[in-house]
Amino acid sequence: MMAYTGTHRIVSRFLISSYTTRRSYTTENKAGVVVGVYNNNGEDVLTEAATSINTHSSGNLTRLMQYGGPLKAGKSRVLYGVSEVFPIVALVGLGKQENKSNPLEERDEAKEAIRTAIAAGCHSLGETNISKILVDSCGDGEAAAEGAHLAVFKYQDLKSKKKPIPTVQCFTEDNERWTRGATLAEGQNIARRLMETPANILTPTNFAQEAVNCLEGLGVEVLTRSYDWAKQRNMNAFLSVTRGSAEPPVFLELSYRGNDLSDEKPLAIVGKGVTFDTGGISLKPPANMDKMRADMGGAACTVGSIFIAAALKLPINIKGFIPLCENMPGSRATKPGDVVVASNGKSIQIDNTDAEGRLILADALHYASQHKPRAMINMATLTGAMAVALGSGAVGVFSNSSALWEVMHKAGTISGDRVWRMPLWKHYSSQVTDFGLADVHNIGKYSRDGGSCTAASFLKEFVTCDHWMHMDIAGVMENKDEVPYLGKGMSGRPTRTVAHFAELIASGKSEL
Ligand code: BES
Ligand code: ZN
Ligand code: ZN
């Protein structure tokens, strides 16, 4: 797995003295610096770090900056030859210094401005040939580290010639928060990498190995359950999906005990782990089918968020449940019209084999419920309808608990990776239960209409926990350019939100 790159050292308040002792800039130590500038109604105001470089360079920074005019929020301008010690400086626009709050946006806009600006700076320095980027904390080392570490991520595991990725370090004195931000970003980068990996490489078995590699070093127990284990537990809904594939399914059970002294009930996180979704016999059209390699995004974000919880040593017990399989149209595949009985005893009519996520989750949610969690959340790239409803603006969440919703909503405001509450009403439940042949129907009466809501209602039939939330992450699975600090590719969203959620629950302030 990726090496942790968030190490840094304090040499002086702004590390300047360590550079001034060097006579000249050498190629072995090609460092660039990213520093921020606010724009208060047309007036440029340098951050502390930018001011220190400006002073050190006898005002060169502000002189060079003038040539380009005002710097817009989220934009970067690379200045060359600022001084001998800092020959390459990316100046980044942070927007207005004060009054960034906008209640309608439901997120911390100051943090978001820092993530965006720092990422822009790292991106533009990444186009030069420097090997190290020193980053201004801009008053919030956590947000700056997130922006930097998320921006320099690049999936190139399969390239024989890899482009060197610059290391990013904190330029200012904000080490504790910088390390936290680096850890949060690393968890999301783990999810991005897993989601991006082609499905012939990331099979259920190899996903399990990756989970072991990521988590066991942090003391997280990773149990790999087999087909026979699932069969013994009558997980026939889960196993109905894997029937058409030659790859063996795996059910992962992860345990992080951050609160070992008490017998505290765990927070359960369940993640959809379809390592490739062809649709099965209800085969998907070929255009963009390759994207279905990321249909294990829920599983990837589960691993990423438990990684963060363990790395930050959050005082909470967490259990992760990840059903992993392929959805393929092999000769033994489930056929439209087939009926299976899930582990909770409910019969399911499968009329569309492409609605497979809810089938594997049915058994996983029932199994997780049996562990009597204090709260249970699941993440799943469940419905294309979710992308139609909210696009990539927010994860759609469905919950039987307003208390749980409040905590997740708050977590989204901190991470900037937001959630939006969707309805979980009987209106939708009846559309999946009101059938003659079986107890539950896997697509519901009106298949397309309200598809995300009926899918959520289907899952509800397999949950006995009073505080449960389904997160449909299909709309946020991929980033084109909507979130500027993520770049193009699989997003790893909402890993950081879920990590903040776990931290808020661990703080004991909620009633959960
Ligand atoms: N994995 C897909 C949902 C999906 C679509 C995720 C696009 C990410 C991007 C899911 O298994 C699926 O195919 N759902 C169907 C459900 C339908 C058959 C009721 C869908 O959304 O079309
Ligand atoms: Zn599907
Ligand atoms: Zn799917």
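Residues Phe435, Phe276, ranked from the fewest to the most other C-beta atoms within 10 Å, line up as Phe435, Phe276. Model label points for Glu173 and Lys480, set 7 angstrom from Cα along the Cα-to-Cβ axis, are 4.6 nm apart. Projecting the alpha carbon convex hull of the chain along each direction and taking the average yields 24.4 nm².
When only Cα pairs below 8 angstrom with a gap of at least 6 residues are kept, the chain shows a relative contact order of 14 percent. Cross-link partners of Lys75 among lysines, defined as those whose alpha carbon lies under 19 angstrom from its own and excluding same-chain residues fewer than eight positions apart: Lys96, Lys100, Lys111, Lys480, Lys488. Once the Cα atoms are used to define both axes, helix 109-126 deviates from the longest principal axis of the chain by about 70 degrees.
Bridging of Lys335 to lysines at a Cα separation below 16 Å is possible for Lys284, once same-chain residues fewer than 8 apart are set aside. The magnitude of the dipole of segment 365-512, with charges of +1 and -1 set on the Cβ of Lys/Arg and Asp/Glu and taken from the Cα centre, is near 160 debye.
For the pair segment 278-307 and segment 83-138, the centres of their Cα atoms are 32 angstrom apart. For Ser343, the amide hydrogen comes within under 5 Å of the amide hydrogens of Asn236, Ala237, counting only partners 5 or more places away or on other chains and with H modelled in the peptide plane. Computed from phi, the 3J(HN,Hα) profile of segment 56-67 under the Karplus parametrisation 6.51, -1.76, 1.60 (θ = phi - 60°) reads 4, 9, 6, x, 5, 4, 5, 4, 5, 4, 4, 4 Hz, with x in place of Gly and Pro. Computed from label points 7 Å out along Cα-Cβ, the spacing between Glu48 and Asn102 is 2.8 nm. Our estimate of slack between Asn40 and Ser510, defined as 0.36 nm per intervening residue step minus the Cα-Cα distance, is 165.4 nm.
Could you sort out which of Lys30/Lys154; Lys163/Lys291; Lys291/Lys445 sit more than 26 Å apart by Cα distance in this structure? Over 26 Å apart, Cα to Cα: Lys291/Lys445. The string of couplings for segment 205-216 from the Karplus curve (6.51, -1.76, 1.60, θ = phi - 60°) is 5, 6, 4, 4, 5, 5, 5, 4, 4, 6, 10, 5 Hz, one whole number per residue in order, with x for Gly and Pro. Sorted fewest first by neighbouring Cβ atoms within 10 angstrom, Ser305, Ser255, Ser452 come out as Ser255, Ser452, Ser305. Taking 0.36 nm per residue of separation and subtracting the current Cα-Cα distance, fully stretching the chain between Lys426 and Tyr446 would add 5.7 nm. The separation of segment 401-469 from segment 314-328, counted between C-alpha centres, amounts to 19 Å.
Could you tell me which of rounded, prolate or oblate describes segment 273-360, using a ≥ b ≥ c as the square roots of the eigenvalues of the alpha-carbon gyration tensor, with rounded for a/c under 1.5 and, failing that, prolate when a/b is larger than b/c and oblate otherwise? Oblate.
Summarising the label geometry, the points placed 7 Å from Cα in the beta-carbon direction at Glu221 and Asn352 lie 4.0 nm from one another.
Put in line by how crowded their Cβ is, counting other Cβ atoms within 10 Å and starting with the fewest, Tyr227, Tyr428 read Tyr227, Tyr428. Under a model in which nothing but the beta-carbon of Lys, Arg (+1) and Asp, Glu (-1) is charged, the chain shows a dipole of about 760 debye around its Cα centre.
Amide H to amide H distances under 5 Å link Leu94 with Val37, Tyr38, Asn39, Gly74, where only residues 5 or more positions off or on other chains count and H is placed in the peptide plane.
Computed from the coordinates by the stated procedures, all read-outs in this text should not be read as laboratory data. Everything numeric here is computed off the predicted structure, so don't read it as measured data. When we count neighbours, we look across all protein chains shown, and the Cβ atoms used for this are built from the backbone with ideal geometry, even at glycine.
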